[in-house]
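Q: Take a look at the following structure, please.
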Amino acid sequence: MSIFKKAILTIILLNSFQVFSQCINVTPYGSAIVNSCSNGTISTCNYASEYGEITFNTVGTFTFNSSISTDYLTLTTALDVVIASGPAPLVATIPSIGGYRLHVNTNSACGTSSVCRITTYACGAPTATVSGGCISSTAFGSANITSCTPGTITTCNYSGEYSELTIPTTGLFTFNSSFSFDYLTFTDNLNNVLYVGTTPLNVNITTPGNYRLHVSSSSLCPTDAVCRTTSYSCTPLVPCSGTPLSGTTTASSGTICGAQTVNFGLSGSTIALGLNYQWQSSPTGVTWSNLTTYTNSTMSLLVSSTTYYRCIIGCGTFTSSSVPKSVTVGGTPIGGAAIASSTTSCAGAIINMSLSSASTWSGLSYQWQSSSTGVTWSNIAGAILPTRSQAVIASTYFRCILTCGTSTVASSPVYIFSSVPLTYASLPLYETFDNTWQNGCATRNVPNNLYWQGGPLTGNNAWRRQNDGTSAGWTSPGSGIATPHSGTGCANFHSSSASIHSRGDLDVLVNMGSVGKYAITFYYINPTGTDNLDVLLSTDAGISYSIKGSYNNQTSWAKKIIYYNSVGTPSCIVRFKGNGNTSSASMTDDIAIDSLAIRLVCLTPSISATASSTNICIGQSITLTGSGATNYTWTPGGITSSVAVVSPVANTNYVLTATNDGLCFPTTNITVSVTACPIGVTELSNQNAIIYPNPSNKIINIDFSSIQTNSSIELFNSIGELVLVEKLENKENVINIENLQSGIYIYRILTGKTPIKNGKLIKQ
């Protein structure tokens, strides 16, 4: 086979590899260092189009995941050599220590999205025991339980967080949340689910070790930013003797919609060391069959038909059976009534809504709706949980639609009256915090009551102007406060006196309805301590938030700038979240912000790109044309005009980046397919110009029939990049190509700007 044919075959084979689903992104965000078989977070705000850098100082099997379950992940080396790819969770073996990258996309077609998702890693492959539990990726709080006594884990767990538990003792533990509807998942330190259920959750600890308590507001695993207290109590275990008490079988739901995982347990049974368990099932409650492998005090089981369940409890030769529990599949749900934490909303306060006397079956689907009249209803996007937290800025009716299979029922509505309606501020917005703060939902708690809100309303973790903490009931209102950056006022979070891990929000509602880049600018100070400030953004009127900036210690006032590319969302909320110190020893001064500005920096131009042809033979040229902006850059090639003439010799994706003002840089792309046509490269032949030798490994000669005064040669590599330009001013010319890599190049000989000869050149 000739060298030319081998080279063409190589190009074809390399291009054929691209059909495999793998996504290589070019923007880094987030990082992690893995020193052992452990679990951790790579990033709390990955976009689908970015990759996280991971340094592995250990080897083995790991599971990579995204908080958006439909995401597509690609794991590569630091040089973007693909290790594994597939939908989340992605299981891959780390073959050697070194740098790796986790690329995140919305699907196998490498879709992109500017929505925050959490990316994590976990040692080992996921196990089936995770079914029926909620595994959180954010750690908060811990407890070292050295004896069988009651205690508190944390006073501010959020839904979606877990606490680390060290339990070097045995006993029957009861874990509790101050929110009676919370759903708790108890796992080992590798996130293997051991017990699940609503609070209080009973856990039989027979083996000392490290465990985790995961907190969710329901079995659908939602997240929120509401503090609740998690705690534990304990009953010591002693060896069993005689016939154990059988107790009653319990189930997480007695009625389910279709096939669902149901969690079973025992109530009122003997709890002791040395007990053994065997779960059984029966379609009638008369004839029973053992469920092999289900030999623990609890059971998570996929139920697809109406069935009875019980457990045989044994102590030596003595046994007893629990009172059976039936699980029914199907039925018409009860809608109940929508209830609210308050039926009056002041200045857009967050109202927590739930259902009373409604069915709580496993598999029920929920859809919250709103109405200004109570007659015509509209679905609230993303409101698909049995509970709902809603910023109410106008008087509104709310209800929930419950669906089980084909049966649908509506709850009775609740009416929430908004006493001080808020509006979304037009931009630019400037706030100096110098004026006397106004009454929103409390006394002087907002800079103005048009588009500002805060929570909590009072207490050391309530935001106030720095010299007006008395209206919030601050402890030591003159201690630890900041001196304004400019003027007479600044916004102050009194973390020097707030309780440990306390949190407080200061929100401003803004209209980012134009498509373009926005800048959030403010001054920040936090001289010492372990307190910090998070800046979050909601683009759905407070339904969900993503972190856009996080700031720790700042000894003197410093300007902070956050850029955000809006797709045209009018209902946005910028949240300044103060986070209290992690220990009392660091409570010395406060967090403060000043001189806030939110403005539209630039409008994003709508650009397009076209090609004279997207399917060509090797050696042919095409014209790329961009429009919609004033400045353009084509990649590869680096051509900076709206029109680019290129001659790719392999399949090439040309990306056009454009701008009007040097601030917004939208992109679009065109893929050009290049084939090795049967007749080879279409050559422009001119007998007055001869190029030889071909192939060559060092020099080429270019001879003309007469002396040339305005000629040149251009060489292009396999991806269409211009790699060499030489003037040809003599009748006989010598060109050195020794420094070029081996491969196939396209040459073009020009007189002035007019091509007179082109073809292929092989560098050996």
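The values are calculated or read from the model by the stated rules, or taken from the named source; none is laboratory data. Nothing here was measured: the structure is a model prediction, and the numbers come from that model. Because the Cβ atoms are built from the backbone with ideal geometry, glycine has one as well, and the counts that use them run over all protein chains shown.
Q: When you go through (1) in a loop (DSSP other than H, G, I, E, B); (2) at pLDDT 90 or above; (3) under 23 Å from T207 (Cα atoms) one by one for N296, which number turns out not to apply?
A: Here N296 clears every test but (2).
Q: Something else now. So for the stretch 563-571 (the condition being part of a strand (DSSP E or B), under 26 Å from I393 (Cβ atoms), among the aliphatic types (A, V, I, L, M) and at pLDDT below 95), does at least one residue qualify? Lay out the reasoning, then the answer.
A: Going through the stretch 563-571, the residues part of a strand (DSSP E or B) turn out to be 563-571.
Subset that is under 26 Å from I393 (Cβ atoms): 564-571.
Pick out the ones that are also among the aliphatic types (A, V, I, L, M) and you get 567.
This time we only want the ones that are at pLDDT below 95, so: 567.
Yes, that holds for at least one residue.
Q: Follow-up question, since we're still on this one. Looking only at the stretch 491-524, filter to residues that are charged (D, E, K, R) and in contact with a Lys or Arg (Cβ under 7 Å, 6 or more places away or on another chain); which one of those is surrounded by the most Cβ atoms within 10 Å (Cβ to Cβ)?
A: Of the residues in the stretch 491-524, the ones charged (D, E, K, R) are 503, 505, 507, 517.
Now narrow it down to the ones that are in contact with a Lys or Arg (Cβ under 7 Å, 6 or more places away or on another chain): 503, 505, 507.
On the way: R503: 20, D505: 22, D507: 26.
Step by step, filter the stretch 491-524, then rank; the result is D507.
Q: Would you check which residues across the stretch 605-620 are modelled with pLDDT under 85 and more than 13 Å from N651 (Cβ to Cβ) and list them?
A: Once the filter is applied, which keeps residues that are modelled with pLDDT under 85 and more than 13 Å from N651 (Cβ to Cβ), the stretch 605-620 yields P605, G619, Q620.
Q: Can you tell which of T343, T328, T317, T360 is free of Cβ contacts under 8 Å to residues at least 60 places away in the same chain and either surrounded by 17 or more Cβ atoms within 10 Å (Cβ to Cβ) or not basic (K, R) (or both)? Working first, answer last.
A: Working: T343 fails: free of Cβ contacts under 8 Å to residues at least 60 places away in the same chain; T328 fails: free of Cβ contacts under 8 Å to residues at least 60 places away in the same chain; T360 fails: free of Cβ contacts under 8 Å to residues at least 60 places away in the same chain.
One residue alone meets the criteria, T317.
Q: What are the residues in the stretch 213-237 that are within 17 Å of N144 (Cα to Cα), in contact with a Pro (Cβ under 8 Å, 6 or more places away or on another chain) and among the hydroxyl-bearing types (S, T, Y), if any? Before you say what the answer is, go through the steps one by one.
A: First, pick out the residues of the stretch 213-237 that are within 17 Å of N144 (Cα to Cα): 213-214, 229-236.
Filter once more, keeping what is in contact with a Pro (Cβ under 8 Å, 6 or more places away or on another chain): 231-234.
Within the stretch 213-237, S231, Y232, S233 meet the criteria.
Q: For the list (1) under 32 Å from the mean Cα position of the chain (by Cα); (2) at positive phi; (3) surrounded by 15 or more Cβ atoms within 10 Å (Cβ to Cβ), I need the number of the one condition that G637 fails.
A: Among (1) under 32 Å from the mean Cα position of the chain (by Cα); (2) at positive phi; (3) surrounded by 15 or more Cβ atoms within 10 Å (Cβ to Cβ), the lone unmet condition for G637 is (1).
Q: Is it the case, given these coordinates, that T754 is of a type in the set (S, T, Y) and modelled with pLDDT of 85 or more?
A: On the way: of a type in the set (S, T, Y): yes; modelled with pLDDT of 85 or more: no.
No, not satisfied.
Q: Go through (1) closer than 28 Å to T332 by Cβ; (2) in a strand (DSSP E or B); (3) in contact (Cβ under 8 Å) with a residue 60 or more places away in the chain one by one and return the number of the condition Y308 breaks.
A: The one condition Y308 does not meet is (3).
Q: Condition first: under 17 Å from G662 (Cβ atoms), among the hydroxyl-bearing types (S, T, Y), in contact (Cβ under 8 Å) with a residue 12 or more places away in the chain and surrounded by fewer than 17 Cβ atoms within 10 Å (Cβ to Cβ). Can you find one or more residues in the stretch 618-633 that meet it?
A: For the stretch 618-633, residues under 17 Å from G662 (Cβ atoms), among the hydroxyl-bearing types (S, T, Y), in contact (Cβ under 8 Å) with a residue 12 or more places away in the chain and surrounded by fewer than 17 Cβ atoms within 10 Å (Cβ to Cβ): present.
Q: Can you say whether F398 is in contact with a Pro (Cβ under 7 Å, 6 or more places away or on another chain), assigned to a strand (DSSP E or B) and not charged (D, E, K, R), as far as the supplied structure shows? Explain how you work it out, then say what you get.
A: Working: in contact with a Pro (Cβ under 7 Å, 6 or more places away or on another chain): yes; assigned to a strand (DSSP E or B): yes; not charged (D, E, K, R): yes.
Judged against the criteria, F398 is a match.
Q: May I ask you to list pairs of residues, at least six apart or on different chains, whose Cβ atoms are under 7 Å apart, with the first in the stretch 374-386 being under 18 Å from D182 (Cα atoms) and the second being part of a loop (DSSP other than H, G, I, E, B)?
A: As it stands, the answer is L385/S218; L385/L220; L385/P222; P386/S218, since those pairs meet every condition given.
Q: If G469 satisfies all but one of (1) buried (at least 19 other Cβ atoms within 10 Å of the Cβ); (2) in contact with a Lys or Arg (Cβ under 8 Å, 6 or more places away or on another chain); (3) farther than 24 Å from G542 by Cα, what's the number of the condition it fails?
A: Going through (1) buried (at least 19 other Cβ atoms within 10 Å of the Cβ); (2) in contact with a Lys or Arg (Cβ under 8 Å, 6 or more places away or on another chain); (3) farther than 24 Å from G542 by Cα one by one, G469 breaks only (2).
Q: Considering each residue of the stretch 663-688, count those that are modelled with pLDDT of 85 or more and buried (at least 19 other Cβ atoms within 10 Å of the Cβ), and give that number.
A: Count: 2.
Q: Right, something else. Select, from D594, D589, the only residue that is charged (D, E, K, R), modelled with pLDDT of 85 or more, part of a strand (DSSP E or B) and surrounded by 13 or more Cβ atoms within 10 Å (Cβ to Cβ).
A: Details: D589 fails: part of a strand (DSSP E or B).
D594 is the lone residue from the list that is charged (D, E, K, R), modelled with pLDDT of 85 or more, part of a strand (DSSP E or B) and surrounded by 13 or more Cβ atoms within 10 Å (Cβ to Cβ).
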